[in-house]
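Student: One structure follows; several queries about it will come next.
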Amino acid sequence: MSNAKNKVIAITGASSGIGEASAKLLAQNGAKVVLGARRTQKLENIVEAIRVQGGTAEYKALNVTDREDMKAFIHFAKDKFGRVDVIFNNAGVMPLSPMNALKVEEWDKMIDVNIHGVLNGIAAGLPIMEAQGDGQFINTASIGAHLVVPTGAVYCATKYAVWAISEGLRQESPNIRVTTISPGVVETELGSDITEASAKEALQEFRKISLAPDAIARAILYAVSQPNDVDVNEIIVRPTTSAF
Ligand code: NDP
C-alpha cells in the first residue's frame, strides 16, 4: 500500500473528527494534504502539527455550501501542488430531530452541507480530474445511507443522496475512482448542533458504542492506496459490537 505517497488530497471538513484524523494519517503516509473548513484557527493548528511531523499540508477557509468558495479551494490545491489526485468530500452536519418538531431550517442546513457540499466538490474537481485522465472522489455517507432511524429522516435522506450521487458518478466515470465511505458511530463533534432534547439523548445512547476517528482514517488510507485500476467503491466501518 504505497500509492498514497505524493498524492494531492483535498479534504473538506478537515477541522475536526474524521477529516482531521484522515489529514494526519494521509500526511504521515506521504500525501500532500489540503485542508478546508470554516474554523481556520483549527486548520492552522492541524497543519502546523502535520508539518512538525515532517508532512506536507496547506489549508484554506472553506464553506462547502458556496460553489465559488469550493471552486477556489480545489483550485488552491491544484495551484499549490500542480494537480488534484483525491477530493475527500467529508464535511457534514447532523442536527437530528423528529419530523414533527418541524426544524425546517435544520433540514435545509443538512441538505445544503451534506448534499450541495458534495455536489459542489464534484463540480469543482471533475473537470480537473477529467483533464488529468485520473483522480478519485471519496464521499462520506454513513450507516445512515443504509438504514433510517427515528430523528434521522432528513440526515439519512442526505446520506442516501450521497450514496446515489457517488454511484452515478462512478458509473459515468471510467477513469475516475469513486469511493463511498459509510462510518458507523464515531466519537466526534458531529451532532453538537442538535437542538431537540430527545435527539440529544438518543445520540448520547448511540455514542456509548463508538469508534475513534482514526478507524475511518485507516479505511480512507486503504482506498487511496490501491493501484489506479482498483476502485474501492464502498466501505462500511462499524464498531464490532454495534448492531446498527
Ligand atoms: P465533525 O463535526 O467532527 O466534523 C465535521 C466537519 O465538517 C468539521 O470539520 C466542520 O468544520 C465541517 N463542516 C461543517 N459544515 C461545513 C461547511 N458549511 N463548510 C465547510 N465545512 C463544514 O464530525 P465528523 O468528523 O463525524 O463528520 C465527518 C463526516 O462523517 C460527516 O459527513 C458526517 O456526516 C459523517 N459521519 C459521521 C459519523 C459519526 O458518528 N461521527 C457517522 C457517519 C457519518 P467547520 O465547522 O470548521 O466548518
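The values are calculated or read from the model by the stated rules, or taken from the named source; none is laboratory data. Model, not experiment: these values are computed from the prediction. Cβ placement follows ideal geometry from the backbone for every residue including glycine, while neighbour counts extend to all protein chains displayed.
Student: In region 165-182, is there at least one residue being at pLDDT 95 or above, farther than 27 Å from D134 by Cβ and surrounded by fewer than 18 Cβ atoms within 10 Å (Cβ to Cβ)?
Tutor: no
Student: Here's something else I'd like to know. Identify all residues within region 59-109 that are under 15 Å from the mean Cα position of the chain (by Cα) and closer than 21 Å to G144 by Cβ; write none if there are none.
Tutor: If the condition is that a residue be under 15 Å from the mean Cα position of the chain (by Cα) and closer than 21 Å to G144 by Cβ, then V64, T65, F88, N89, N90, A91, G92, V93, M94 are the ones that fit.
Student: In this structure, is T65 surrounded by 15 or more Cβ atoms within 10 Å (Cβ to Cβ), within 10 Å of the ligand (Cβ to nearest atom) and touching a residue at least 40 places away in the same chain (Cβ under 8 Å)?
Tutor: So T65 fits the description; yes.
Student: Looking only at residues in region 42-62 that are assigned to a strand (DSSP E or B) and not aromatic (F, W, Y), which one is nearest to V113 (Cα to Cα)?
Tutor: Among those that are assigned to a strand (DSSP E or B) and not aromatic (F, W, Y), it is A61.
Student: Right, here's the next one. Determine whether region 133-149 contains at least one residue that is surrounded by fewer than 20 Cβ atoms within 10 Å (Cβ to Cβ), free of Cβ contacts under 8 Å to residues at least 60 places away in the same chain and touching a helix residue (DSSP H, G or I) at 6+ places or on another chain (Cβ under 9 Å).
Tutor: yes
Student: State all residues of region 13-41 that are in a helix (DSSP H, G or I) and within 6 Å of the ligand (Cβ to nearest atom); if no residue qualifies, say none.
Tutor: G17, I18, G19
Student: Quick one: D69 ticks every box in (1) under 27 Å from V232 (Cβ atoms); (2) acidic (D, E); (3) touching a helix residue (DSSP H, G or I) at 6+ places or on another chain (Cβ under 9 Å) bar one, so which box is it?
Tutor: D69 satisfies all of (1) under 27 Å from V232 (Cβ atoms); (2) acidic (D, E); (3) touching a helix residue (DSSP H, G or I) at 6+ places or on another chain (Cβ under 9 Å) except (1).
Student: Could you tell me which of the residues E189, E167 is part of a helix (DSSP H, G or I) and either out of contact with any Gly (no Cβ under 7 Å at 6 or more places or on another chain) or of a type outside the set (S, T, N, Q) (or both)?
Tutor: Answer to the check: E167.
Student: Could I ask something else about it? Pairs please, first residue from region 201-228 and under 22 Å from N175 (Cβ atoms), second anywhere and modelled with pLDDT of 95 or more and of a type in the set (F, W, Y), Cβ atoms under 9 Å, 6+ apart in sequence or on different chains.
Tutor: Qualifying pairs under 9 Å: I220/F88; V224/F88.
Student: Could you identify the single residue in K24, K42, K32 that is touching a residue at least 24 places away in the same chain (Cβ under 8 Å) and in contact with a strand residue (DSSP E or B) (Cβ under 8 Å, 6 or more places away or on another chain)?
Tutor: After ruling out the rest, the residue left standing is K32.
Student: A follow-up question, please. Being within 16 Å of the ligand (Cβ to nearest atom) and outside any helix (DSSP H, G or I) is the requirement here; does I9 meet it?
Tutor: yes
Student: Pull out all pairs, ordered by first then second residue, where Cβ-Cβ is under 7 Å, the residues are six or more apart or on different chains, the first lies in region 110-131 and is touching a residue at least 12 places away in the same chain (Cβ under 8 Å), and the second is surrounded by fewer than 20 Cβ atoms within 10 Å (Cβ to Cβ) and assigned to a helix (DSSP H, G or I).
Tutor: Listed by first residue and then by second, the contacts come to I115/A161; N120/R67; I122/L169; A123/R67; A124/K71; I128/K78.
Student: Could you list, in sequence order, the residues of region 198-244 that are more than 25 Å from K32 (Cβ to Cβ), more than 13 Å from the ligand (Cβ to nearest atom), of a type in the set (A, V, I, L, M, F, W, C) and surrounded by 13 or more Cβ atoms within 10 Å (Cβ to Cβ)?
Tutor: If the condition is that a residue be more than 25 Å from K32 (Cβ to Cβ), more than 13 Å from the ligand (Cβ to nearest atom), of a type in the set (A, V, I, L, M, F, W, C) and surrounded by 13 or more Cβ atoms within 10 Å (Cβ to Cβ), then A199 is the only one that fits.
Student: For region 74-85, check the following and say yes or no: at least one residue is of a type in the set (G, A, S), at pLDDT 95 or above and in a helix (DSSP H, G or I).
Tutor: Yes, because at least one residue in region 74-85 is of a type in the set (G, A, S), at pLDDT 95 or above and in a helix (DSSP H, G or I).
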